[in-house]
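All remarks here apply to the structure that follows.
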Amino acid sequence: MNEISKAEEMVLLAIWRLRDEAYGVSIRRKILNDTGKNYTYGTLYGLLRQMDHKGYIKKIKGEPLPKKGGRSKSYFKLTPVGIRVLKGAIALHKRMWKDINEFSFDES
């Protein structure tokens, strides 16, 4: 099983949740809103490049913005491999947290 880092997990989940609106700014905003984690764009795009290289995501060029010299947004989509590693992360969490609940940490 491919284990993914917590950062990769957060980015993959953000992409999955955003669906067709998953591009750099929206991914960063989603992670910040859901977790409070404020990734720099350099860190985020480094993770995206790394996950693209691993085959977890694919990069799709959008249409250029409708202004002079408008650049294309790069959108990101999960691949079947990316979905598989996320499912593996869920299974790992379930195994690790088996028989443990929030009350397990209460001091007696």
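The values are calculated or read from the model by the stated rules, or taken from the named source; none is laboratory data. Everything quoted here is computed from the prediction, not taken from an experiment. Reconstructed Cβ throughout: ideal geometry from the backbone, glycine too, with neighbour counts over all protein chains shown.
The table below lists the values:
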| quantity | calculated |
| --- | --- |
| Members of segment 1-15 found to be exposed (fewer than 15 other Cβ atoms within 10 Å of the Cβ) and part of a helix (DSSP H, G or I), listed by number | 6 |
| Candidate set from segment 30-84 (those that are of a type in the set (Gly, Ala, Ser) and modelled with pLDDT under 95); member that is surrounded by the fewest Cβ atoms within 10 Å (Cβ to Cβ) | 69 |
| Selection from segment 65-90 of residues that are farther than 15 Å from residue 15 by Cα, in contact (Cβ under 8 Å) with a residue 40 or more places away in the chain and among the hydrophobic types (A, V, I, L, M, F, W, C) | 89 |
| Given (1) surrounded by 15 or more Cβ atoms within 10 Å (Cβ to Cβ); (2) more than 21 Å from residue 85 (Cβ to Cβ); (3) touching a Gly at 6+ places or on another chain (Cβ under 7 Å), index of the condition residue 26 fails | (3) |
| Within segment 67-108, tally of residues that are part of a helix (DSSP H, G or I), under 27 Å from residue 26 (Cα atoms) and basic (Lys, Arg) | 2 |
| Residue match in segment 36-58 (condition: under 15 Å from the mean Cα position of the chain (by Cα), aromatic (Phe, Trp, Tyr) and in a strand (DSSP E or B)) | no |
| Residues satisfying the stated conditions in segment 75-97, i.e. touching a helix residue (DSSP H, G or I) at 6+ places or on another chain (Cβ under 7 Å) and among the small types (Gly, Ala, Ser) | 82, 89 |
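Residues are listed down the side, and each one gets a yes or a no for (1) out of contact with any Phe, Trp or Tyr (no Cβ under 7 Å at 6 or more places or on another chain); (2) of a type in the set (Gly, Ala, Ser); (3) within 17 Å of residue 6 (Cα to Cα):
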site: 17; (1), (2), (3): yes, no, yes
site: 22; (1), (2), (3): no, yes, no
site: 25; (1), (2), (3): yes, no, no
site: 49; (1), (2), (3): yes, no, yes
site: 62; (1), (2), (3): no, yes, no
site: 66; (1), (2), (3): yes, no, no
site: 72; (1), (2), (3): yes, yes, no
